[in-house]
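Structure, as structure tokens:
The values are calculated or read from the model by the stated rules, or taken from the named source; none is laboratory data. This is a predicted model, so every value here is computed, not measured. Heads up, the Cβs are rebuilt from the backbone with ideal geometry, glycines too, and the neighbour counts pull from every protein chain shown. The protein model used for the area step is the full one, side chains on, heavy atoms only, and it has no ligands, DNA or RNA in it. Shrake-Rupley method; radii C 1.70, N 1.55, O 1.52, S 1.80 Å.
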Amino acid sequence: MAGQADSQEAEAEATEQWGLVNTPLGEKWSGRTRYAAAMFFYKRGEMNAETLEVYRICARLDSEDPLPIIRDRGLGKDWLKRMGYAL
């Protein structure tokens, strides 16, 4: 039972972080929120370091969308696909 509870807790955390990485642009602290959530996915091996770096650069820019930058730099194709962003 503990394994199932841990799995459910991990899935709940991933769901929460997914919502945070999709925080709308322009909201106060949204860049930092997206970066913190991106770090979660990076630590899980679901995002590469170069993609995470773009989120870091955009962390203080609440209105800056990291996805076009990731695309323009030719990074994180799997991440862009997961985010539903056109390559």
Inset, instruction - Heads up, I need the accessible area for Ser7: 1.4 angstrom probe, whole protein in place, Å², nearest 10. - result: 70
Inset, instruction - Let me have the 222 nm mean residue ellipticity of the chain computed from DSSP H runs of 4+ only, each contributing -39500 (n - 2.57), with the sum over all residues rounded to the nearest 500. - result: -20000 deg cm²/dmol
Legend entry - Given charges at beta-carbon only (K, R positive; D, E negative), |dipole| of the range 8-87 in Debye: 240
Inset, instruction - Round to the nearest 10 and give me the degree value, 0 to 90, for the angle of helix 30-43's Cα axis relative to the longest principal axis of the chain. - result: 50
Legend entry - Per-selection Kirkwood Rh - the range 1-49 (Cα, Å, 1 d.p.): 11.6
Legend entry - Hydrodynamic radius by Kirkwood, which averages 1/r over all alpha carbon pairs of the chain, in angstrom: 13.3
Legend entry - Normalised contact order of the chain, rounded percent, pairs of Cα under 8 Å and 6 or more residues apart: 24
Legend entry - Under 5 Å, built H, 5+ apart or other chain: amide partners of Asp65: none
